Each structure stands twice: as C-alpha cells, then as structure tokens.
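What follows draws every value from the coordinates through simple rules; no lab data is involved. Everything numeric in this text was worked out from a predicted model, so none of it was measured. Glycine also receives a Cβ, built like all others from the backbone with ideal geometry; neighbour counts cover every protein chain displayed.
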Amino acid sequence: MRRVRLRRGDRAPEFALPDQNGDTVSPASLRGSKVVIYFYPAAGTPGCTTEACDFRDNLASLRSAGYAVVGISPDSPQRLREWARQERLVYPLLPDEDHVVHQRYGAWGEKTVDGRTRTGPLRSTFVLDEEGVVEHALYDVNAQGHVAELRKLLGV
C-alpha cells in the first residue's frame with residue numbers, strides 16, 4: 001500500500017472510533033471546532049507519555065484558542081482507559097487497532113528504530129479547521145517539545 005501524505009487544504013479523512021469512555025468521536029462530530037489530531041505509537045511508553053502529558057498540561061490554552069485535542073494509537077480500548085486514568089488524560093484517546101485510520105492519514109509506514117527498519121505507527125499531528133479541512137500536516141514529529149512547537153505554530 002502506497003503511503004498517503006495529507007497536505008494543507010485536503011479534506012480530513014472521515015472515521016468514527018470509540019474513545020476511552022466509549023463515546024464515538026469523528027471529525028464530523030467535532031465540526032465547529034478546530035481540531036488537533038495526533039497519532040502516537042503506544043500508550044504508556046516514555047515518549048508517548050511525555051507527549052500525551054504535554055497535551056494534557058496545555059489543554060486549557062489550546063481549548064481557549066478554540067482547539068479540541070484527540071489522540072489516536074493502535075492500542076486497545078482497555079489499555080487507553082487504563083493509561084488515561086493513570087496519567088489523568090481528559091481528552092479523547094481513540095483505538096485504531098486495525099491501523100485503518102493511521103493509513104488514511106499517512107501515519108503508518110516504515111520507520112527505522114535502533115538501526116532496524118520496521119512497519120508501524122508514525123508520530124504525526126494534523127490540525128483541522130472548523131470544517132474538517134487540513135491546516136497543518138506534521139509528519140515524523142518528536143515527542144519531546146512537540147506541543148510547544150505546535151503552540152508556537154498555532155500562535156497559542
């Protein structure tokens with residue numbers, strides 16, 4: 001499968017996934033708000049926890065600027081529930097166990113980790129406008145400092 005790369009001006013691919021509380025979340029359900037969707041490899045790992053907690057700690061300022069935050073990973077709903085409770089993550093975390101949403105957003109593919117090439121989730125972030133159109137498509141971001149860079153990009 002050829003990897004998709006979304007760009008500014010593209011309509012965000014639709015999906016509907018349950019969050020850690022069982023509520024269905026989709027780009028359509030978030031219309032009217034700007035949305036930050038970030039894809040991360042695995043709940044509970046050091047880098048993903050750093051990134052998720054950075055989003056948690058900056059959630060009030062993002063929300064006051066009109067942004068909703070959604071995280072997506074290949075984790076199970078149970079794992080996301082446990083991690084959200086453990087880290088006090090109060091924004092939607094969505095399980096994409098079959099990687100379909102990752103693939104639609106271009107956030108699944110080959111990567112090199114510790115000198116080995118493997119296929120898996122690619123840490124990526126997308127900012128959608130109120131109509132579900134991509135304003136920013138950020139691929140291969142770093143967990144450390146990503147939220148600060150994103151806030152600067154968004155002027156928040």
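Counting only helical runs of four or more DSSP H residues, what would the 222 nm mean residue ellipticity of the chain come to if each run contributes -39,500 (n - 2.57) and the total is spread over all its residues? Don't jump to the answer; show the numbers that get you there.
Working: 5 runs with 44 residues, N = 156.
Roughly -8000 deg cm²/dmol at 222 nm, from the helical runs in the chain.
Computed FRET efficiency, Cβ-Cβ of Glu110 and Ser64, R0 41 Å: what is it to the nearest 0.05? Walk me through the numbers on the way to the answer.
Details: r = 38 Å, r/R0 = 0.93.
Using R0 = 41 Å, I get an efficiency of 0.60.
Please work out whether region 1-143 counts as rounded, prolate or oblate from its C-alpha gyration tensor, where a ≥ b ≥ c are the square roots of the eigenvalues and a/c under 1.5 means rounded, while otherwise a/b larger than b/c means prolate and anything else oblate? Don't skip to the end; give the middle numbers.
Values: a/c = 1.44, a/b = 1.08, b/c = 1.34.
Rounded, since a/c falls under 1.5.
Relative contact order for region 3-151 using alpha-carbon pairs under 8 Å, separation at least 6, rounded to a whole percent?
Numbers: 292 pairs, mean separation 51.0, N = 149.
Taking the mean separation of contacting Cα pairs over the length of region 3-151, I get 34 percent.
To the nearest µm²/s, what D does Stokes-Einstein give for region 1-50 at 20 °C and 1.002 mPa s, using the Kirkwood radius over alpha carbon pairs as Rh?
Working: Rh = 13.5 Å.
D = 159 µm²/s.
Relative to the Cα centre, what is the charge dipole magnitude of region 1-118, using +1 at the beta carbon of each Lys and Arg, -1 at the beta carbon of each Asp and Glu, and rounding to the nearest 20 debye?
On the way: 18 positive and 15 negative charges, 101 e Å.
The dipole magnitude comes to about 480 debye.
Just report the Cα centroid separation between region 104-146 and region 40-84, whole Å.
Cα centroid to Cα centroid, the span is 14 Å.
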